[in-house]
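Enquirer: I'd like to ask you about the structure that follows.
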Amino acid sequence: MTTLTETTQTTGTTVATTLRAHQLVIGGRLAFVEDWGDIDATPLLALHTAGQSGVQYAHVAADLAALGYRVIVPDFPGHGRSEPSAHGPVTDLGEYAQFALTVLDQLGIDRFVAVGCSIGGKITIDLAVRAGTRIRAAVAMAAGADAGHVSVRGLTRELNDISTPSRSDRTYWGTRAVVGSAVSEERRSVIARMHCREDPIVSNSDLIGWGRHDVSAGLPDIACPTILVAGEDDLWIDAEAVRRDAESIPRGSFTFLPGIGHYPMEEMSDFASQVDAWVRTLETGDEETETTRS
């Protein structure tokens, strides 16, 4: 089942683009998906971070559509406007990867570009392994291929008392701490406040998945051109480890973002044009293995 609502959105000087909103039934539950731009344009799957939703791409989806992409932005199960999974909060990021492929299947999309951040970045790497020739190019931000460095035991224990009054404060200040130094104070505060809308049980479950998910063994088998992206001010990842992951991918490359933290799509005013440049570089077979954005 799919329901569509069509509206016209204009972002700044961006040309008007069409937003289609879908409700898909996946695993017996409703899944919400935004679908921006020309239906015949290059499909670009945009994947959000732990505990958040597709709203993280609200300021960039129309710009990407204006650059010639059909931008597919799903809310993972239990996030945003998607209903929870039938078995409760998800702790296996592979389940989200399969969910994303099911979204594309139901929309009749075969080959696609994948862009994701944090758990969305790790899921993007998973898709590069899992989806084979379906995936045209992959851009994985703020993520590596191996199990993330979190305390799964501690996160599991926190599920028992996670809705304490201090939780929203921890989310707010923790988010601010990993937004890049190039971002204005006003924008930093908006990003942090938006993140406070998370369901803490879902967020912790996502992070448990981050701490368990390891697709590093599959890196040599990735066929599509892939770029791994790390921000200079991202305190949650090891940029050198991400660089090494990129070197393990046959057509992999690494990009370092000065002054940017854990959320490039929310921090970078030129994010859409930068993604377009990355994708075009990947698809034209650029053999350069490392770039630095000035």
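Enquirer: Looking at the chain only, what percent of DSSP beta bridges run antiparallel? Nearest 5 please. List each step's numbers first, then the result.
Expert: Working: 16 of 43 bridges.
That works out to approximately 35 percent antiparallel.
Enquirer: Length gain on complete extension for the stretch Ser248 to Ser184, per 0.36 nm per residue less the alpha carbon to alpha carbon distance? List each step's numbers first, then the result.
Expert: Values: separation 64, 0.36 × 64 = 23.04 nm, distance 3.54 nm.
Working it through step by step, the gained length comes to 19.5 nm.
Enquirer: Which order do the peptides 246-254, 177-185 take when ranked by the mean count of other beta-carbon atoms within 10 Å per residue, highest first? Working shown, then result.
Expert: Working: 246-254: 19.9, 177-185: 16.8.
Taking the mean over residues of other Cβ atoms within 10 Å, the ranking is 246-254, 177-185.
Enquirer: Sticking with this one: Using alpha-carbon pairs under 8 Å, 6+ residues apart, how would you state the relative contact order of the stretch 6-292 in percent? Can you show the working numbers first?
Expert: Details: 637 pairs, mean separation 53.5, N = 287.
It comes to 19 percent, rounded to a whole number.
Enquirer: Taking only the alpha-carbon positions of the stretch 6-292 and ignoring solvent, what does the Debye formula give for the base-10 log of I(q)/I(0) at q = 0.13, 0.14, 0.15 Å⁻¹?
Expert: Reported log10 I(q)/I(0), two decimals: -0.84, -0.99, -1.16.
Enquirer: Once fully extended, how much extra length lies between Ala58 and His149, figured as 0.36 nm per residue of separation less the alpha-carbon to alpha-carbon distance?
Expert: Numbers: separation 91, 0.36 × 91 = 32.76 nm, distance 2.89 nm.
So the extension gain works out to 29.9 nm.
Coordinate-derived values only; no laboratory data. Here the structure is a predicted model, which is why all the values come from computation and not from measurement. In this analysis, Cβ positions are derived from the backbone assuming ideal geometry, glycine residues included, and neighbour counts consider all displayed protein chains.
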